[in-house]
Amino acid sequence: MSEANRVIDSPTHRFTKNNMFESLSERLERSFKILKGEGKISEINVAETLKDVRKALLDADVNYKTAKTFTDTVKAKAMGMDVIHSLKPQQLMVKVVHDELTALMGGTHSDLQLTGSPSVVLMAGLQGSGKTTFTGKLGNLLKNKKGRKPLLVACDVYRPAAIEQLKVLGEQLSIPVYAELESKDPVKIALNAIAQAKKAGNDVVIVDTAGRLAVDETMMNEIAAIKTAINPHEILFVVDSMTGQDAVNTAKEFNERLDFTGVVLTKLDGDTRGGAALSIRSVVEKPIKFVGIGEKMDALDVFHPSRMADRILGMGDIVSLVEKAQEQYDEEEARKISKKIAQNQFGFDDFYNQIQQIKKMGNMKDLVAMIPGVGKALKDVDIKDDAFKHIEAIIQSMTPLERSNPQLLNGSRKQRIANGSGTTIQEVNRLIKQFEDMRKMMRMVQNNRGKLPFKRR
């Protein structure tokens, strides 16, 4: 192990990072500054920049061969490009690196192939990788976003806790779970589960399997036997992204035996250098299909290489942010709100409901990080998930009449609200002012909509 890697591995360093690619993002940004002020791309300044880029990738625990191939490709492409007048060499290099990062991680996102009746998805991976949790998350995504009827199958016959965990998740998500507590034959359990799914009308069967602390022959033989018996449409290798290069090595071994169809990276919100995400695709040549980004059952993202490249380079991910917003978008509610704004009837109840919609979108700091430029500016700011707590408390301390008619809020009412919400009268006044400013802006936007030259017809 290099000296650089030993430093990176120190506990002090590990606990200073907030998310997966923070350190890599900062290092790449510093690398590109080498080109700042340069009038043109030259072999010397490119070589210097890429030397730093390669070191940043290696420090992020990217596979050495992958890092070398990556920087060689970037150099060849950068040297072969003319600097467009509107672009500076630094900007051009960022574009080339972005394109190559995207290609390195697969280029485009890869959908699940669910063509069977029922479609069968087999989970594989080491113990502790997050297979059982991901099984629940995938079931939840397929049920709520794809309109599917999943059946979760408990085939970990060695850990009763795993069966119980899957049952709890199934109950929590209102998804049926198939288990045979007395059986020690995972092949038979899986076959019986598929038969049950056909009877009950479940169109997707997700099979959770046993993992061990390390790859061993018994484990591989067992999961290979399950694969042969049930002939799954998808085999997903679930790997803890915090294990770095070990994740890549484990992926190679599993792929040689199972020829899996896709990779799931879990714990991407954790404290890790991110090398697995950048290496695994090029080493095993299988697409990363999903990334787990938290403990909650909806904390699961479809993997988009281009968007991940955006995040690594500190460009944000506005597309994912819009998608998250659209998931919570209620067209009927939007029409009601629009009417209220037009009639100047938008009150605190409506404002409160809007806050609840935002909260459903996910972790606040993750959402902010998706806004281009903002995530970088606020990377050291602690944005808590309870950021709306005081606002909610103030609104809840108002009477229904006050929430509908904010103009009624005089001095004595404000003092009562402050006392009831555990805040100060200054905070109450600040919220009322912000609310009134927001109302004015919403009305102005709505009134101007009809005057815009690109109005939809």
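The values are calculated or read from the model by the stated rules, or taken from the named source; none is laboratory data. Note that the structure is a prediction, hence the values are computed from the model and not measured. Cβ placement follows ideal geometry from the backbone for every residue including glycine, while neighbour counts extend to all protein chains displayed.
For region 359-457, the helices (runs of 4 or more DSSP H) that sit wholly inside it and include 1 or more residues that are at pLDDT 85 or above are 389-396, 400-404, 411-421, 425-449. Being touching a Cys at 6+ places or on another chain (Cβ under 9 Å), in a helix (DSSP H, G or I) and either in the same structural domain as Thr266 (by TED's automatic domain parsing) or over 14 Å from Pro118 (Cβ atoms) (or both) is true of Ala193.
Candidates are the residues of region 99-157 that are among the basic types (Lys, Arg) and crowded, with 23+ Cβ neighbours inside 10 Å; the one that is farthest from Val204 (Cα to Cα) is Lys131.
Cβ separations smaller than 7 Å between residues 6+ apart or across chains give the following pairs from region 394-405 residues that are aliphatic (A, V, I, L, M) to residues that are not in a helix (DSSP H, G or I): Ile394/Thr423.
The criterion of at least 1 residues that are buried (at least 20 other Cβ atoms within 10 Å of the Cβ), more than 14 Å from the chain's Cα centre (by Cα) and modelled with pLDDT under 75 is met by the following helices (runs of 4 or more DSSP H) wholly inside region 236-341: 275-284. Being in contact with a helix residue (DSSP H, G or I) (Cβ under 7 Å, 6 or more places away or on another chain) and outside any strand (DSSP E or B) is the filter here; which residues of region 110-142 pass it? Residues satisfying the conditions are Pro118, Gly125, Leu126, Thr132, Thr135, Gly136, Gly139, Asn140.
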